[in-house]
Every structure is written in C-alpha cells, then in structure tokens.
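Just below is one structure, and these are the notes that go with it.
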Amino acid sequence: MSKELIQSVKQRFKTQFEGDPLMVFSPGRINLIGEHTDYNDGFVFPAAIDLGIVLALKKSSSKTSRVYALNKKEMCEISLNQISPQKNGGWRNYVIGVIGELQKQGINIGNFEGVFAGNIPGGSGMSSSAALENSFVYGLNKLFDLRLKKKEMIFISQRAEHNFVGVHCGIMDQYASMLGKKKSPLLLDCRTMKSTPYKLKLKSLKLVLVNTNVKHDLSESAYNDRRAVCEKVAKLLNVKTLRDTSEKYLNTVKNQIPKSDFNKALYVILENERVEKFAKAIEQKDFKLMGELMYETHEGLSKNYKVSCEELDFLVETTKSMDFVHGSKMMGGGFGGCTINLVEQRNIDDFKTTIENKFKAIFNRSCSIYDVNISKGTHLI
C-alpha cells in the first residue's frame with residue numbers, strides 16, 4: 001500500500017472539502033489460476049495485492065453527495081433520490097451502482113463527500129472496478145453504521161457491476177478484494193462461497209506482472225457472450241453449470257453445438273480441474289507443476305476460450321525460453337491486460353530487461369512490469 005497515495009487522497013479531501021475523513025483501502029487482485037470459472041460456479045485461486053484504491057469519505061449536510069476522482073480530475077454530483085446509470089458514466093456508475101443496490105435493499109444513506117484515487121493500472125486485469133465498488137460499499141457501511149457483513153457487501157458490489165455497468169461478472173473479483181488474506185491466496189468455491197487460504201511460500205520465486213498496456217472494456221459484448229455460451233451448453237447438458245459436468249459428458253453433445261462453443265465449454269471444465277491440481281501443488285511446494293498448470297491455462301484461454309490477444313500470447317511464449325521462469329499466463333477478463341509470471345528472484349532483472357526489449361522490438365511500444373505482494377482485503381487505514 002502506497003503511503004504517497006494515501007497522503008495525496010487525504011490532502012485533496014481537505015482541500016476540496018472540510019474536516020477529517022474516514023479512510024479506506026481496497027486492494028486489487030491477482031488470480032493465480034481459474035480464469036472465467038467463477039461465473040460457472042467453479043473454483044478460482046485469487047489473492048488481494050498491495051495495489052488498490054484509497055478512498056476518503058465523510059458525511060455531508062449538503063443536498064447532494066459529491067465524489068471526486070483524483071486520478072481523472074473529475075467531480076460527480078449525486079442526487080440520492082434520483083439514482084440511475086449514467087450514459088457513458090464510466091467510473092461514476094460503479095459508485096452510483098453501490099448506492100442504488102443499497103437502496104434496493106431498503107438501506108438508505110445520507111449525503112456524503114468523497115475523494116478517491118488508485119494505483120491499479122486501468123484495463124490491467126487486476127480488478128480496479130471491484131476495488132472501487134468495495135471501497136465505497138465498505139466505506140459507506142462504516143460511515144453510516146449499516147452493520148453489513150463483508151459477504152453481504154461483496155454481493156452489493158457485484159450487483160452494482162451487473163445492473164449499473166452492464167458487466168455480468170462472477171464473484172471472484174469482489175470476494176478477493178474484500179476478503180483477501182495477507183501472504184495467502186484463496187481457493188474459492190464460487191458456488192458455496194467458501195474459501196480456504198493457502199500460505200504461499202515461494203522461497204526463491206517471485207510473482208511478477210507484465211502489463212501489455214492494451215486496454216480492454218469488459219462491458220463490450222465479448223465477456224457477456226462467453227457467459228451466454230457456457231449457460232447454453234450447461235442447459236443442453238441438463239446441468240446447473242459447467243462445474244457439474246465432465247469432458248466425457250460434454251463429448252455426448254459434441255455434434256449438437258458449434259465447435260467454438262464446444263471448445264469454450266471444454267476449457268471451463270478442464271480449468272476447474274487445473275485449479276484443484278494447483279492447490280495440491282501449493283501444498284506440496286511443487287513449483288514446477290504450478291508453472292505447468294499456468295501454461296496449460298493460458299493455452300486454453302488463447303486457443304479454446306479465445307480471450308487472449310497477440311501481445312499476451314507473445315509475452316507468455318517469450319517466457320518459455322527462459323529457464324528461470326516457471327510459469328506464465330494471461331490474467332483477468334482478457335483482450336489485453338497482464339500476464340502473471342512465476343520467476344526466480346535472482347533473475348528478476350534479467351527477466352524485466354529481456355521482456356521489455358523484446359516486447360518493444362515487436363510492438364514498438366512499452367510494456368509495464370510490476371512486482372506484487374499478497375495483501376489483506378478491504379480495510380480502514
């Protein structure tokens with residue numbers, strides 16, 4: 001967590017408004033494995049990180065609420081009795097959505113003033129949207145003593161994204177951001193909403209993210225289209241979700257669906273199996289197997305689920321010639337964003353230099369590289 005970010009948000013609040021605000025940090029998240037399985041009631045392996053959103057919040061006696069986005073230098077004025085999505089509202093709809101979903105539950109809040117900023121790169125696949133939603137629902141819960149539990153709050157955040165932003169996301173992002181454990185990724189069952197923390201002792205290894213700086217917008221049709229395919233195939237198989245079937249059973253309808261739909265469903269089924277294997281690999285400190293599973297996941301995302309892109313594929317393929325990289329995969333919704341890499345710590349500098357130079361030589365622009373640490377979930381600061 002950046003002390004400079006906290007200070008800049010607090011200072012801007014005091015300049016923009018008055019008084020001492022309540023301060024919240026809500027982290028972004030990484031996902032070690034288990035991509036696009038959460039909305040199939042499957043298994044995922046996310047972790048909160050030390051990049052995120054800092055929010056300053058205070059009650060207001062004004063007739064409207066006001067929120068200032070420090071990174072964008074934009075103000076949003078909100079009338080609490082006229083809550084609806086804004087056309088091309090961008091970040092505003094995440095905030096308005098949280099208020100709207102609270103109101104749908106009969107929870108009324110007073111007016112407030114807020115300033116927020118973050119250090120999660122936009123479109124990176126590190127769930128800046130979930131961090132923003134969670135920062136507001138958590139902050140408003142504390143500010144107005146709503147007495148909501150964290151698990152209640154994550155569903156409010158998810159519904160805000162569904163109903164006010166138009167992205168039918170699963171629950172992983174909000175869950176990991178809100179309930180993350182320091183130094184421990186979570187094996188999350190997205191059906192039961194139960195998670196098991198796994199202490200990750202990487203010894204001589206380090207998690208490194210490489211951002212393509214290709215921006216993706218999940219509210220566009222691609223994400224929702226894939227969810228619709230999964231639901232359609234599950235219905236054909238007469239199961240609730242693809243979590244409830246197998247490759248063998250899927251093969252019984254292979255000739256009844258387009259090949260592209262079959263491949264997407266097959267990816268989800270095999271990815272759930274990989275997540276469970278990954279958990280055992282962590283327990284056994286089998287870093288070689290962890291890396292192999294990461295590569296298999298990327299192959300499935302690229303070839304079967306079709307959510308990768310040229311830049312992501314290039315980054316993953318480049319690591320295969322580096323004997324100090326144990327595994328690599330794209331992370332997040334896809335169509336850009338980051339790869340997550342398991343790298344020998346003593347070779348971090350070599351890794352960064354090689355990746356930066358090769359990426360720039362091919363694409364004539366720079367990628368960005370981040371070391372990340374596994375953090376605890378949303379909390380007061």
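Within a straight-line Cα-Cα reach of under 16 Å, LYS199 can be paired with the following aspartates and glutamates, leaving aside sequence neighbours fewer than 8 residues apart in one chain: GLU276, GLU283, ASP286. Taking amide H as placed 1.01 Å from N in the peptide plane, the amide H of LYS329 sits under 5 Å from that of ILE340, each at least 5 places away or on another chain.
Note on LYS254/SER62: beta-carbon distance plugged into 1/(1 + (r/R0)^6) with R0 of 56 Å gives a FRET efficiency of 0.40.
Given a cut-off of 31 Å, name the pairs among LYS150/LYS288; LYS303/LYS358; LYS58/LYS151; LYS181/LYS288; LYS194/LYS285 whose C-alpha atoms lie farther apart than that in the structure shown. Show your work: numbers first, answer last.
Values: LYS150/LYS288 35 Å; LYS303/LYS358 23 Å; LYS58/LYS151 24 Å; LYS181/LYS288 24 Å; LYS194/LYS285 23 Å.
Listed pairs above 31 Å: LYS150/LYS288.
Database remark: amide H of LEU205 closer than 5 angstrom to the amide H of GLN345 (H placed geometrically; neighbours at sequence offset of 5 or more, or on other chains; Pro and chain starts carry no H). If you take the Cα centroid of region 320-381 and the Cα centroid of region 171-216, the two points sit 15 Å apart. Computed on the chain, with alpha-carbon pairs under 8 angstrom and 6+ residues apart, the relative contact order is 23 percent. Each of LEU380 and LYS277 was given a label point 7 Å from its Cα along the Cα-to-Cβ line. The distance between the two points is 4.6 nm.
Taking the convex hull of the Cα atoms, report for region 205-371 its projected area averaged over all directions, in nm².
10.5
The H on the amide N of SER308, modeled in the peptide plane, is under 5 Å from the matching H of PHE335, each at least 5 residues off or on a different chain.
Positive end of the dipole of the chain, charges at C-beta (+1 Lys, Arg; -1 Asp, Glu), about the Cα centre: which of THR339, ALA117, LEU242 has its Cα farthest in that direction? The one lying farthest along the dipole's positive direction is ALA117.
Taking Cα atoms only, the orientation of helix 150-160 departs from the longest principal axis of the chain by about 90 degrees.
Across region 133-139, rounded Karplus estimates of 3J(HN,Hα) from the backbone phi angles (6.51 cos²θ - 1.76 cosθ + 1.60, θ = phi - 60°) give 4, 5, 4, 6, 5, 5, x Hz, Gly and Pro being marked x. In loop segments of region 1-85 as defined by DSSP, the trypsin sites (Lys or Arg not before Pro) with at most 15 further C-beta atoms inside 10 Å of their C-beta are LYS63, LYS72, LYS73.
Derived scalar couplings between HN and Hα for region 203-215 equal 6, 8, 9, 9, 8, 10, 9, 10, 9, 5, 6, 8, 8 Hz in order, rounded to whole Hz, by the Karplus curve 6.51 cos²θ - 1.76 cosθ + 1.60 (θ = phi - 60°), x for Gly and Pro. Cross-link reach is defined here as a Cα-Cα straight distance under 22 Å, omitting same-chain residues fewer than 8 places apart; for LYS360 the lysines meeting it are LYS215, LYS320, LYS329, LYS352. Here the sum of -39500 (n - 2.57) over DSSP H runs of 4 or more residues, divided by the residues of the chain, equals -12500 deg cm²/dmol at 222 nm, to the nearest 500.
Approximating the spin labels as points 7 Å out from Cα along Cα→Cβ, the ASN108-to-SER221 distance works out to 4.2 nm. Taken about its Cα centre, the chain carries a charge dipole of roughly 800 debye when the Cβ of each Lys and Arg holds +1 and the Cβ of each Asp and Glu holds -1. Each Lys or Arg adds one and each Asp or Glu takes one away; over the other residues whose Cβ falls under 12 Å from the Cβ of GLU152, this sums to +4. Computed from Cα atoms, the angle from the helix 310-319 axis to the main principal axis of the chain rounds to 60 degrees.
Taking the Cα centre of region 3-197 as origin and assigning +1 to Lys and Arg Cβ atoms and -1 to Asp and Glu Cβ atoms, the resulting dipole is close to 440 debye.
In a DSSP loop and with at most 10 other Cβ atoms within 10 Å, the trypsin sites (Lys or Arg not before Pro) in region 116-211 are ARG147, LYS149, LYS201, LYS203. In a reduced charge model with +1 at each Lys and Arg Cβ and -1 at each Asp and Glu Cβ, region 205-371 shows a dipole moment near 420 debye about its Cα centre.
How far, in degrees from 0 to 90, does helix 221-236 lean away from the longest principal axis of the Cα atoms of the chain, to the nearest 10? It is inclined by approximately 60 degrees.
Readers should treat all values here as calculations from the given coordinates under stated rules, not as data from a laboratory. The structure presented is a predicted model; accordingly, all values stated were derived computationally and were not measured. All Cβ positions, even for glycine, are placed from backbone atoms using ideal geometry, and neighbour counts span all protein chains on display.
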